[in-house]
Amino acid sequence: MDDRDLERRIVADASVMTGKPVIRGTRITVDFILSLLAHGYNERDILDEYDSLTADDIRACLLFATHSLENTAFMPLMPEPA
């Protein structure tokens with residue numbers, strides 16, 4: 001599946017989840033899926049819990065996050081004091 005196909009899986013509608021990006025046809029937000037991954041859930045865990053999702057939906061969330069950060073400038077964090 002190419003990037004364009006994955007991108008079409010993520011939509012934002014002001015009447016659904018207050019306009020947060022969601023997986024098309026669901027109320028599951030991109031940030032929720034990213035949080036699950038960050039907290040140690042793997043693809044199989046997510047797919048088992050949310051049977052309406054596919055592996056491509058999870059990949060679409062990752063691609064959305066990647067594209068969201070592409071043109072973001074970051075300042076280095078201050079090092080912690082020793």
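Nothing in this text is a laboratory measurement; each read-out follows from the coordinates by a stated rule. Remember, predicted model here, so these are calculated numbers, not experimental data. A quick note on method: Cβ atoms are made from the backbone with ideal geometry, for glycine too, and the neighbour counts reach across all protein chains shown.
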- Scan of the range 1-16 for residues that are in contact with a strand residue (DSSP E or B) (Cβ under 9 Å, 6 or more places away or on another chain), crowded, with 17+ Cβ neighbours inside 10 Å and either of a type outside the set (V, I, T) or over 14 Å from D56 (Cβ atoms) (or both), ordered by number: R9
- Task: Please specify each residue of the range 1-55 satisfying the condition of being in contact (Cβ under 8 Å) with a residue 24 or more places away in the chain, within 17 Å of H67 (Cα to Cα), assigned to a loop (DSSP other than H, G, I, E, B) and not charged (D, E, K, R).
- Result: M1, P21
- Task: Identify the residue in the range 49-82 that is of a type in the set (D, E, K, R) and loosely packed, with under 10 Cβ neighbours inside 10 Å and, among all such residues, is farthest from L6 (Cα to Cα).
- Result: E80
- I58: passes all of (1) of a type in the set (V, I, T); (2) in a loop (DSSP other than H, G, I, E, B); (3) in contact with an Asp or Glu (Cβ under 6 Å, 6 or more places away or on another chain) but (2)
